[in-house]
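The values are calculated or read from the model by the stated rules, or taken from the named source; none is laboratory data. This one's a predicted model, so the numbers in the text were calculated from it and none came from an experiment. So basically every Cβ, Gly included, is an ideal-geometry build from the backbone, and we count neighbours across all protein chains shown. Note: areas computed on protein heavy atoms with side chains; ligands, DNA, RNA excluded. Shrake-Rupley method; radii C 1.70, N 1.55, O 1.52, S 1.80 Å.
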Amino acid sequence: IAFVDGIKAFNKEYDEISLPEELSNILVTDFTSLSNESLVISTQNSGIYVLQNNKIVKQYCLGNILSSNYVSKVCALGNDIWFVNENGLNQIDESGSLTRFNEQDGINENLNKEAKMNKTWLGLFGF
């Protein structure tokens, strides 16, 4: 469950699961799971976290591959992470490589502007 001041996780019996301390003060915007059952969390201030077995295995943030730590939406297709930030539609593939989509990829500037303003719902069925 995401709250404005962090995130809490529960198992199937509704017992709270301990999460890493780094997640105690994040501002969660969205979350999803990859096909390998990793949990992906997007944030307003810390980029994207990937968790496996309640441990952070990767953080994508400003300084490693993201152009902004504000990520408004995230979804998964297989083990690829698709997300929207201030620079529009992006994908991190399973190897950790980032692709930003633009007009050359068929994403017009208006869609990217809408995505930046958090007005776009992204559907990736059968992509």
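Among the residues of the stretch 28-71, those identified as open to solvent by 70 Å² or more (accessible area, probe 1.4 Å) and either β-branched (Val, Ile, Thr) or on the phi > 0 side of the Ramachandran plot (or both) are 37, 53, 57, 63.
Please count how many residues of the stretch 51-76 are among the basic types (Lys, Arg) and at pLDDT below 90. Looking only at that region, the number is 1.
Taking the stretch 92-109 as the range and being open to solvent by 60 Å² or more (accessible area, probe 1.4 Å), in a strand (DSSP E or B) and hydroxyl-bearing (Ser, Thr, Tyr) as the test, no residue passes.
Going through 69, 11, 53 one at a time, which residue ends up being polar (S, T, N, Q), over 20 Å from residue 86 (Cα atoms) and touching a strand residue (DSSP E or B) at 6+ places or on another chain (Cβ under 9 Å)?
One residue alone meets the criteria, 11.
Against the condition over 21 Å from residue 8 (Cα atoms) and free of Cβ contacts under 8 Å to residues at least 60 places away in the same chain, how does residue 45 come out, does it pass?
no
Please name all residue pairs, on different chains or six or more residues apart, with Cβ atoms under 6 Å, provided the first residue is in the stretch 88-107 and is on the phi < 0 side of the Ramachandran plot and the second residue is in a loop (DSSP other than H, G, I, E, B) and open to solvent by 60 Å² or more (accessible area, probe 1.4 Å). Sorted first by the residue in the stretch 88-107, then by its partner, the list stays empty.
Of the residues making up the stretch 4-18, not a single one is open to solvent by less than 70 Å² (accessible area, probe 1.4 Å) and either among the acidic types (Asp, Glu) or at pLDDT 85 or above (or both).
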